[in-house]
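Working notes, structure below.
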Amino acid sequence: MASKYKGYAGKILDIDLTTSSIGEYPLSDSDREKFLGGRFISTKILWDELEPNIDPLSPNNLMIVMTSPLTGTGAPSTSRYDISSKSPLTGAIGHSNSGGGFGISLKRAGWDGIVIRGKAEKPVYLEIEEDNVRIKPAEHMWGMNTEEAQEALGKGGKMVIGPGGENLVKYAVIVSGERVHGRTGMGTVMGSKNLKGIVAKGKKKIELDQTDKFRSGVKKWVKMLQDHPATGDLSPRLGTAQFVNILSKKNALPTRNFSRGSFEGAHKISGEALVDEFLIKNSGCPSCPIKCGRVVELDGKQIKGPEFEILCLMGSNLEIDDLGAIIRWNYELDLLGIDTITVGNVLGFAAELNEKGMWDSGIEFGKKDNISDLIKDIAYRQGIGDDLGEGVRFLSEKYGGKEFAAHSKGLEIAGYEPRAAAGHALGYATANRGACHLDGGYMIYFEINGPMTLDPQHYKSKPSWTILDQNLMAAISAGGNCLFTAWTFVPGFAYKLPGMKLVSTLVSKMLTYTWFMITLLLKTPPILLSIHLPILPHSKFIKLATGMKMSLGRFLRVGERGFALEKLFNLREGIYKDTLAKRFTDVPLEPGNEKSKVPLNQMLPKYYKLRGWDENGVPTQKTLKKLGLDFVDLSRLNR
């Protein structure tokens, strides 16, 4: 269904692999206005099309690839696109956002997204060349790693699965170039459909509503990012690994399966060590001025370097300080198509089970000589790899240890210790896809590793801050930008504050104890926020690109609305609990004190109330009407 708005291609592919039928999925401009793009358009399609309680690995599940209005427009860091489905790992809403070239290639082929149904009888791949769309045999590619499969697809934007997806490892990923759609098992869904890969190419131009203003504004936005300390210095210089040392110093670095918050070998796996010992050059996604990616050398070959999450979760979390080994495992995991965050959690949990005599797996803290073999065993579901391939929640239900199983809703916790930062912990518990640091709001940046921090243990201030962050980051993602462009929300001068102890302390107190102003902001109707923030120009550029009525207020409402619909999807699947393991809520962090326990029960009631949800976390009818979600029948939720 064509759109009156620019920025969009205006068409969505609808492909049924069971019947080999190819058509278009009708999407209204009303849905574009409400949900923008990416994960939220996909969630609306999943809501409309999926029956509750289907098996995520059955042909009845959908896999949706979706771009956003800013994808491929040339605005900073707008190569992003989303893949969504019902997650085979969690049973909840599953989605994964990534950069790289595929999303841009798909829009240049004339398509905003792809809805994929059914299951092919034999392995296939999709070839999209503008209006010429073909389902082609891929039996010759089945068994290839992600590097080999992409090479076999030839020219164009490509996305593929590896052996992990083929063998239905519950947290298999999809790889595009060197970028990875991690978390929630989207590669598993792709494998369940016998779909090995997709290649897209075309030469269609993306039309803009106000081209001249958009292009001139992009130059200013790029300069702002390049001049900002976070996006113009720290991230290009140290990448995401910049956080390893500071988190360890502040007792927030997951260590020994999240039993401690600091690691004596942190400096050996830090961003600084990566630069000094392994970095060859920086890399980045198309249209990104930040270039936070790392290029390193392994066995004489230049490859993608590790991000923070694997340095933490297969480093400190396993008590391993061998940076060279982590670089190798990162490459092996990408080739096999398995999520690095989940593997680090799974191995850490298995090591603690082994240590406590609950499962004799041979996996030990500090032991690294068998990890490459374990990674391969997981990908091919060999030996203990069959159990490891099911994730932490499964292991805790089979072998015990639920009280120290680091997950929420079945998704393993990302690389930040929850007890060190109450707001970040609240984000883990309430994020709809599970314990995600990004969907959760990334409050750690305002509590631990940013230049201006709230009191990390002051729980009364955190519900409002967490909701604001969740709504804002969700809207940025739906619009098509990388979330790193949000770092300019903190003014550049703030990076001088840590060296000014008195001023820094005063700013921290002010931010912490004026949280009621954030509460007022959350309650302000969008019409009273008919502005664009210079330090967060995302809403302005969506307006310039599309011609939509867009402002800061409308933009935040998009995030709130989409987040609520994801919550409703989970409720319809019977997923009600926003929880964390007892290790985080009942046991103080070491070293630490009683305050370091996550006060989840004190924060959740206020969080629900501020969102307009009832005491069980169910959006009220009044809230649904306010958000334009009154098509939802609350009586049909799985209570």
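Net charge near LYS44: determine it from the other residues with C-beta under 11 Å of the C-beta of LYS44, scoring Lys and Arg +1 and Asp and Glu -1.
0
Relative to the current alpha-carbon distance between SER372 and HIS140, full extension at 0.36 nm per residue lengthens the span by 80.9 nm. Remark: relative contact order (the range 308-391) = 27 percent; criterion is Cα-Cα distance under 8 angstrom and separation of 6 or more residues. Take 7-14, 580-587 and order them by the average number of nearby Cβ atoms within 10 Å per residue, most first; the result is 7-14, 580-587. Rounded to two decimals, the Cα-based Rg/Rh of the chain, with Kirkwood Rh, is 0.93. Model label points for PHE493 and LEU298, set 7 angstrom from Cα along the Cα-to-Cβ axis, are 4.5 nm apart. Label zone (LYS220, point 7 Å along Cα-to-C-beta; backbone nitrogen cut-off 13 Å) within the range 515-541: 532-538, 540-541.
When Lys and Arg each count +1 and Asp and Glu each count -1, what net charge do the other residues less than 12 Å away from GLN621, Cβ to Cβ, add up to?
Summing Lys/Arg as +1 and Asp/Glu as -1 gives 0.
A simple packing score, the average count of other Cβ atoms within 10 Å per residue, orders the peptides 125-137, 384-396 as 384-396, 125-137, with the highest score first. Entry note, the chain: relative contact order of 14 percent, from Cα contacts under 8 Å with a spacing of 6+ residues.
Cross-link pairs exceeding 22 Å in C-alpha to C-alpha distance, out of LYS34/LYS205; LYS219/LYS543; LYS543/LYS622; LYS567/LYS606; LYS402/LYS597, comprise LYS34/LYS205; LYS543/LYS622.
Comparing Cα centroids, the range 204-266 and the range 135-163 end up 31 angstrom apart. Given +1 at the Cβ of Lys and Arg, -1 at the Cβ of Asp and Glu and no other charges, the dipole of the chain around its Cα centre is 2580 debye to the nearest 20.
Give the relative contact order (percent, whole number) for the range 454-571; include only Cα pairs under 8 Å separated by 6+ residues. Value for the range 454-571: 37 percent. Multiplying the residue separation of LEU506 and LEU521 by 0.36 nm and subtracting their alpha-carbon distance yields 3.2 nm.
Rounded to the nearest 0.05, the FRET efficiency derived from the C-beta distance between ARG636 and ILE535 at R0 = 41 Å is 0.45.
FYI, it's all coordinate maths here, none of it is from the lab. Remember, predicted model here, so these are calculated numbers, not experimental data. Please note: Cβ atoms are built from the backbone with ideal geometry, for glycine as well, and neighbour counts cover all protein chains shown.
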